[in-house]
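Heads up: the structure comes next, in structure tokens.
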Amino acid sequence: MNERILIVDADGSLRESLSNYLRKHKFTVDTAATFQEAIDAYASYIHDFVIVEIELPDGDGLEFVSKIKSLNPLVKTIVTTSYPSVNSALKALKLKVDDYLVKPFVYDEVLKSCKEITKKTDLKEIEKTPSTSEEEFFSIIGESVEIKLLLEKIKKIANTPTNVLLLGETGTGKELFARVIHEASYRKKKTFVAINCASLPENLLESELFGFVKGAFTGATFDKKGLLEIADGGTVFLDEIGDMPLGLQAKLLRVIEDKEIRPLGSVTTKKVDIRFISATNKDLLEEVREGKFREDLFFRLNVITLYIPPLRERGKDIEILAYHFMRKFAIKMEKDIRKIDPQTIQILLKYPWPGNIRELQNVIEQAVVFADSDTIKPEHLPEHVRHMKVTSETKKDIPLISIEEFTKEFILKYQSIYTEQELADMLGITRKALWEKRKKWGLPRPSDKT
């Protein structure tokens with residue numbers, strides 16, 4: 001069937017067994033145990049079906065149905081209960097719930113219900129479901145040619161053991177693509193470990209990667225498994241690989257070549273089977289030429305290279321993503337927001353998005369906060385987005401300006417207005433990344449802003 005189902009039930013054994021049963025019948029399944037977990041799960045994906053228990057530990061399952069139907073009237077819903085009553089049945093009927101099942105039920109009954117509900121669905125609505133049939137790719141949102149071509153490449157390489165290097169600007173969603181590759185591969189039942197090579201000092205990063213044995217150093221009072229050992233059989237995502245210290249690069253190279261790790265302080269090695277997916281927004285070849293990155297490691301990691309396009313090159317996806325984030329934050333904030341004003345869409349399409357998808361998400365979150373009706377209007381957008389003037393002449397110039405130049409000009413223009421955290425959020429980067437850009441370009445921070 002290739003449809004996505006959210007199962008919301010406090011009974012852990014039921015969730016697991018029903019999930020496994022439905023997966024065998026070609027459904028993609030997410031689960032939640034509580035009302036709040038259900039809200040978070042539903043906000044993260046587009047679900048075709050929701051199977052929800054009425055008696056949740058922290059809320060009413062029918063209230064959850066009411067919330068999601070206010071935002072997506074087409075979602076198919078089945079409610080379950082251990083305590084059937086005329087009152088709950090009437091409320092379910094009023095909410096136009098598709099089926100009402102009394103526990104205990106047999107799983108064939110759930111499957112039969114799903115099939116019958118699907119048959120009743122208008123064919124035109126079925127055609128609106130995501131174009132890719134593979135469940136692993138549902139988390140990639142976009143209809144642009146660039147994204148479709150990228151997904152086709154991922155489908156071809158996902159189920160291979162080959163290492164992959166993801167290139168793209170900050171905020172383009174490189175970790176999401178890495179997770180998709182993992183979930184589409186034979187390694188999906190094993191661990192996916194994401195490591196940010198720029199977030200930890202070298203000594204901490206090494207102990208996190210390789211682990212240590214008791215007595216390896218002062219304070220090592222117990223054995224600790226490293227992330228590389230935890231990921232055995234699975235996938236390791238090395239984000240910001242260009243920032244990995246040279247000393248660690250040599251040790252990582254040995255892991256890739258020998259398929260062995262040695263915890264700090266240990267005299268024995270352990271065999272591991274790991275696929276490495278790396279990501280960077282740096283020019284690694286330039287880093288190699290400057291002696292900042294090992295050439296042998298570069299070629300080991302760069303067996304297959306995938307370029308993640310920036311949002312400004314995915315014009316067709318901006319509106320789709322904006323609506324996705326609008327829906328996500330409207331649910332989380334319990335606001336009845338259903339539309340984005342056409343003028344607002346035009347502003348979003350003209351803006352160059354230096355922080356890419358992460359910045360778009362931040363912008364839509366702010367818009368949802370300030371929206372006071374069911375529509376996001378231009379005045380709900382941040383000032384720097386709303387007042388970005390793009391004329392027919394400047395449009396022609398945009399491709400000639402690098403994203404680095406744009407970012408530098410952006411910082412200079414707005415640093416006297418916004419705080420460092422606000423600037424970082426607007427650009428879709430961390431404060432550390434903003435500090436690094438200032439250092440690189442020699443831009444002093446205004447003394448009146450922190």
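Which residue pairs have Cβ atoms under 7 Å apart, sit 6 or more places apart or on different chains, and have a first residue in segment 134-146 that is within 16 Å of LYS174 (Cα to Cα) and crowded, with 17+ Cβ neighbours inside 10 Å and a second that is modelled with pLDDT of 85 or more and polar (S, T, N, Q)?
PHE138/THR28
Could you check VAL288 against (1) at pLDDT 95 or above; (2) touching a helix residue (DSSP H, G or I) at 6+ places or on another chain (Cβ under 6 Å) and say which number it fails?
It fails just one condition, (1).
Take the residues in segment 404-450 that are touching a Ser or Thr at 6+ places or on another chain (Cβ under 8 Å), open to solvent by less than 30 Å² (accessible area, probe 1.4 Å) and farther than 16 Å from PRO352 by Cβ; name whichever of them is modelled with the lowest pLDDT.
PRO446
What about THR80, is it out of contact with any helix residue (DSSP H, G or I) (no Cβ under 6 Å at 6 or more places or on another chain), of a type in the set (Ser, Thr, Tyr) and buried (at least 19 other Cβ atoms within 10 Å of the Cβ)?
yes
Does ILE51 satisfy the condition of being open to solvent by less than 10 Å² (accessible area, probe 1.4 Å) and part of a strand (DSSP E or B)?
So ILE51 passes the test.
Considering only residues that are surrounded by 13 or more Cβ atoms within 10 Å (Cβ to Cβ), at pLDDT 85 or above and either acidic (Asp, Glu) or in a loop (DSSP other than H, G, I, E, B) (or both), which ones fall in segment 207-235?
Within segment 207-235, VAL213, GLY226, GLU229, ALA231, ASP232, GLY233, GLY234 qualify.
Just the residues that are of a type in the set (Val, Ile, Thr) and either closer than 26 Å to GLY355 by Cβ or part of a helix (DSSP H, G or I) (or both), please, taken from segment 297-318.
Within segment 297-318, THR305, ILE308, ILE318 meet the criteria.
Does ASP296 satisfy the condition of being under 30 Å from ASN362 (Cα atoms) and touching a Leu at 6+ places or on another chain (Cβ under 9 Å)?
When the stated conditions are applied, ASP296 does not pass them.
Per-residue answers, yes or no, for (1) open to solvent by 60 Å² or more (accessible area, probe 1.4 Å); (2) touching a Leu at 6+ places or on another chain (Cβ under 7 Å); (3) in a strand (DSSP E or B):
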| position | (1), (2), (3) |
| --- | --- |
| TYR21 | no, no, no |
| VAL29 | no, yes, yes |
| GLU37 | yes, no, no |
| ILE68 | no, no, no |
| LEU101 | no, no, yes |
| PRO104 | yes, no, no |
| GLU116 | yes, no, no |
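Only one residue in LEU285, LEU321 is more than 17 Å from LEU360 (Cα to Cα), hydrophobic (A, V, I, L, M, F, W, C) and in a helix (DSSP H, G or I). Which one?
LEU285
Pick from segment 70-82 the residues that are part of a loop (DSSP other than H, G, I, E, B) and at pLDDT below 90: which of them is nearest to ARG327 (Cα to Cα)? Outline the logic, then answer.
Residues of segment 70-82 part of a loop (DSSP other than H, G, I, E, B): 72-75, 82.
From what is left, the residues that are at pLDDT below 90 are 72-75.
Details: ASN72: 9, PRO73: 13, LEU74: 14, VAL75: 13 Å.
Looking at residues that are part of a loop (DSSP other than H, G, I, E, B) and at pLDDT below 90, I get ASN72.
Among the residues in segment 352-359, are any free of Cβ contacts under 8 Å to residues at least 60 places away in the same chain, open to solvent by 30 Å² or more (accessible area, probe 1.4 Å) and either farther than 16 Å from GLU422 by Cβ or not charged (D, E, K, R) (or both)?
No: zero hits.
Across segment 307-346, what is the number of residues that are surrounded by fewer than 20 Cβ atoms within 10 Å (Cβ to Cβ), in contact with a helix residue (DSSP H, G or I) (Cβ under 6 Å, 6 or more places away or on another chain) and of a type in the set (Val, Ile, Thr)?
1
What is the residue count in segment 187-206 for residues that are over 17 Å from LEU252 (Cβ atoms) and either among the hydroxyl-bearing types (Ser, Thr, Tyr) or open to solvent by 50 Å² or more (accessible area, probe 1.4 Å) (or both)?
Narrowing segment 187-206 to residues over 17 Å from LEU252 (Cβ atoms): 187-192.
Now restrict to residues that are either among the hydroxyl-bearing types (Ser, Thr, Tyr) or open to solvent by 50 Å² or more (accessible area, probe 1.4 Å) (or both): 188-191.
Residues in segment 187-206 being over 17 Å from LEU252 (Cβ atoms) and either among the hydroxyl-bearing types (Ser, Thr, Tyr) or open to solvent by 50 Å² or more (accessible area, probe 1.4 Å) (or both): 4 in total.
Which residues, counting only those in segment 247-280, are surrounded by fewer than 20 Cβ atoms within 10 Å (Cβ to Cβ) and among the polar types (S, T, N, Q)?
The answer is GLN249, SER266, THR268, THR269.
So, in segment 250-266, how many residues would count as being farther than 10 Å from PHE210 by Cα, out of contact with any strand residue (DSSP E or B) (no Cβ under 7 Å at 6 or more places or on another chain) and either modelled with pLDDT of 95 or more or in a helix (DSSP H, G or I) (or both)?
5
Just to verify a result, which residue in segment 155-186, among those that are open to solvent by less than 20 Å² (accessible area, probe 1.4 Å) and hydroxyl-bearing (Ser, Thr, Tyr), is nearest to ASN362 (Cα to Cα)?
THR172
Is at least one residue of segment 383-403 over 17 Å from GLY171 (Cβ atoms), modelled with pLDDT of 75 or more, out of contact with any Phe, Trp or Tyr (no Cβ under 6 Å at 6 or more places or on another chain) and assigned to a loop (DSSP other than H, G, I, E, B)?
yes
Any residue at all in segment 39-57 that's closer than 23 Å to ILE337 by Cβ and without any contact (Cβ under 8 Å) to a residue 40 or more places away in the chain?
Residues of segment 39-57 closer than 23 Å to ILE337 by Cβ: 39-48, 50, 52.
Adding the requirement that they be without any contact (Cβ under 8 Å) to a residue 40 or more places away in the chain leaves 41.
Taking every residue of segment 39-57 in turn, at least one turns out to be closer than 23 Å to ILE337 by Cβ and without any contact (Cβ under 8 Å) to a residue 40 or more places away in the chain.
The values are calculated or read from the model by the stated rules, or taken from the named source; none is laboratory data. Predicted, not measured: the structure shown is a model, and the values here were computed from it. No Cβ is skipped: glycine too gets one built from the backbone with ideal geometry, and neighbour counts run over all protein chains shown. Protein only, heavy atoms only, side chains kept; ligands, DNA and RNA dropped before computing areas. Shrake-Rupley method; radii C 1.70, N 1.55, O 1.52, S 1.80 Å.
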